[in-house]
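Engineer: Have a look at the structure that comes next, please.
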Amino acid sequence: MTAEAVNPDDIGRHYDERSPIGDELRNGQIHMWYWYDREDDATLTEAVHRITRKVTETLGLRPGEHVLDAGCGPGETAVFLAKTYGVEVTGVNVSAFELERAHERARDAHVAGQARFQYGDFMALPFPDNTFDAVLALESLQNAPELDQVLRELFRVLRPGGRISFSDFSLESDREPERVAKFMATLRLDRLPTLPQWLDHLRAAGFAVEEYTQCGTRVFGRKAKYVEAAMARHDEITAKFGEAAVTEFSRNHHGFFAPKKDQIGYVVVSARKPYR
Ligand SMILES: C[S@@+](CC[C@H](N)C(=O)[O-])C[C@H]1O[C@@H](n2cnc3c(N)ncnc32)[C@H](O)[C@@H]1O
């Protein structure tokens, strides 16, 4: 299933427009949430941070290692990794807004020397071969114009034996394809692989798949809890950004909620670049 083609400049503008309110709502993490069940009373910030932890724990980071955060958003994840694991992080993305916020965050957290950010298209990275010990792509591969190319590029910059972990959406049921098409158009997705297709793409790039999970029920399946948490902050967000911006933000995300709960999965995958 494919939607319209994407390019990095358009994607950069897409995030420049949507990330300011997204950043405020989710505290610097422009990605999904994880709630165990409807009774789970974790805040939105905590639910979103659970995804950060869930994905980054699979990297097995050690102090002093160098991590590429490919599609790093407004920087909270890189700051978290620098502070929690004592690693060096290089974050790249294509949104001017996100890069500015990422620099601010690292400065405020006193890790600017450890968490660095630069404009970079992950389809053609400005780094030599074998630069990084680990690569993270938290919900960013979804925006790649060509999945095999970005995975080959991430493979190239990873050292032999280095690890990659990513999380992203998967297609679980296309029984009502018009709902899925609305979701994809809203998020500017060019494709929506199934979990086996994600794994095939990784293997085609040369990676050895080591671990994977599909937890969509606790992620997209909890979209009602997200709406509830976001609506609870409606007045505060409106006071900060203005009525027109909040209305536009909601309108832009309408299609995201179109699929049924079980149609959209969420995969967390970890793999390795083989040693020689
Ligand atoms: C859904 S956001 C996730 C951001 C971040 N990983 C997080 O979890 O908070 C997708 C990110 O991918 C980045 N991105 C999209 N296309 C990209 C490209 N071609 N090269 C680098 N980054 C890209 C966007 O700028 C954005 O930061």
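Engineer: Which residue, 65, 178, 76, tops the fluctuation ranking in a GNM of the chain built on C-alpha contacts under 10 Å?
Structural biologist: 178
Engineer: Let me know the charge dipole size of region 98-164 about its Cα centre in debye, to the nearest 20, where only the beta-carbon of Lys, Arg (+1) and Asp, Glu (-1) is charged.
Structural biologist: Dipole of region 98-164, to the nearest 20 debye: 280 debye.
Engineer: Going by amide H atoms built from the backbone, whose H comes under 5 Å of the H on residue 158, apart from near neighbours?
Structural biologist: Counting only residues 5 or more places away or on other chains, the set is 130, 131, 132.
Engineer: In Å³ and rounded to a whole number, note down the convex hull volume per residue for the Cα atoms of region 147-194.
Structural biologist: Per-residue hull volume (Cα only) is 86 Å³.
Engineer: Please get the size of the charge dipole for the chain, origin at its Cα centre, with Cβ charges of +1 on Lys and Arg and -1 on Asp and Glu, quoted in debye to the nearest 20.
Structural biologist: Computed about the Cα centre, the dipole is about 620 debye.
Engineer: In sequence order, what are the phi-derived ³J(HN,Hα) couplings for region 255-268 according to the Karplus relation 6.51 cos²θ - 1.76 cosθ + 1.60 with θ = phi - 60°, rounded to whole Hz, with x for glycine and proline?
Structural biologist: x, 4, 8, 5, x, 5, 3, 8, 7, 10, x, 9, 10, 10
Engineer: Pop out the ³J(HN,Hα) list for region 108-113 in order, Karplus 6.51 cos²θ - 1.76 cosθ + 1.60 with θ = phi - 60°, rounded to Hz; leave Gly and Pro as x.
Structural biologist: So the J values, rounded to whole Hz, are 4, 8, 6, 10, 4, x.
Engineer: Counting other beta carbons within 10 Å of each residue's own, what order do 32, 123 fall into, fewest first?
Structural biologist: Arranged by neighbour count, lowest to highest, 32, 123 become 123, 32.
Engineer: So what J values fall out for region 205-215 if you push phi through Karplus, 6.51 cos²θ - 1.76 cosθ + 1.60 with θ = phi - 60°, rounded to Hz, Gly and Pro as x?
Structural biologist: Using θ = phi - 60°, the values come out as 7, x, 6, 9, 6, 10, 7, 7, 8, 10, 10 Hz.
Engineer: Continuing with this model, one more query. Mind giving me the FRET efficiency for residue 27 and residue 197? R0 is 35 Å, r the Cβ-Cβ distance, nearest 0.05 is fine.
Structural biologist: Approximately 0.65, to the nearest 0.05.
Engineer: Here's another thing I want to ask about it. Relative to 2.2 N^0.38 Å, what does the C-alpha radius of gyration of the chain come to as a ratio? Two decimals please.
Structural biologist: 0.95
Engineer: At 7 Å along Cα-to-Cβ for each site, give me the label-to-label distance between residue 43 and residue 84 in nm.
Structural biologist: 1.7 nm
Engineer: Provide 175, 116 in ascending order of the number of other Cβ atoms located within 10 Å of each residue's Cβ, fewest first.
Structural biologist: Taking fewest neighbouring Cβ atoms as first place, the list is 175, 116.
Engineer: How far apart, in nm, are the 7 Å Cα→Cβ label points at residue 251 and residue 173?
Structural biologist: 3.2 nm
Engineer: Between residue 243 and residue 123, what FRET efficiency comes out of the Förster formula 1/(1 + (r/R0)^6) with R0 = 45 Å and r the beta carbon distance, rounded to 0.05?
Structural biologist: According to the calculation, E is roughly 0.75.
Engineer: Turning to a different aspect of this structure: Check which residues have an amide H placed less than 5 Å from residue 265's amide H, if you skip close sequence neighbours.
Structural biologist: For residue 265, the qualifying residues are 170, 171, 172.
Engineer: Related question: Pick from 40, 121, 23 the residue whose mean-square fluctuation is largest in a GNM of the chain, springs joining Cα atoms under 10 Å.
Structural biologist: 40
Engineer: Also, quick follow-up: Give the separation of the Cα centroids, region 72-134 to region 7-39, in Å.
Structural biologist: Cα centroid to Cα centroid, the span is 17 Å.
Engineer: Please work out how much length the chain gains when fully extended from residue 233 to residue 100, using 0.36 nm per residue of separation minus the C-alpha to C-alpha distance, in nm with one decimal.
Structural biologist: 45.5 nm
Engineer: In terms of modelled amide H atoms, which long-range or inter-chain residues lie less than 5 Å from the amide H of residue 91?
Structural biologist: Long-range HN contacts for residue 91: 69, 116, 117, 118.
Engineer: Please order 250, 140 by the number of other Cβ within 10 Å, starting at the fewest.
Structural biologist: Fewest to most other Cβ atoms nearby, the residues stand as 250, 140.
Engineer: Mind checking which lysines have their C-alpha under 19 Å from residue 261, skipping anything on the same chain fewer than 8 residues away?
Structural biologist: 182, 223, 225
Engineer: Between residue 159 and residue 211, what FRET efficiency follows from the Cβ-Cβ distance if R0 is 25 Å, with the result rounded to 0.05?
Structural biologist: It comes out at approximately 0.80.
Taken together, the values in this text are just the output of simple stated rules run on the coordinates, not laboratory data. These figures come from a predicted structure and were not determined experimentally. Because the Cβ atoms are built from the backbone with ideal geometry, glycine has one as well, and the counts that use them run over all protein chains shown.
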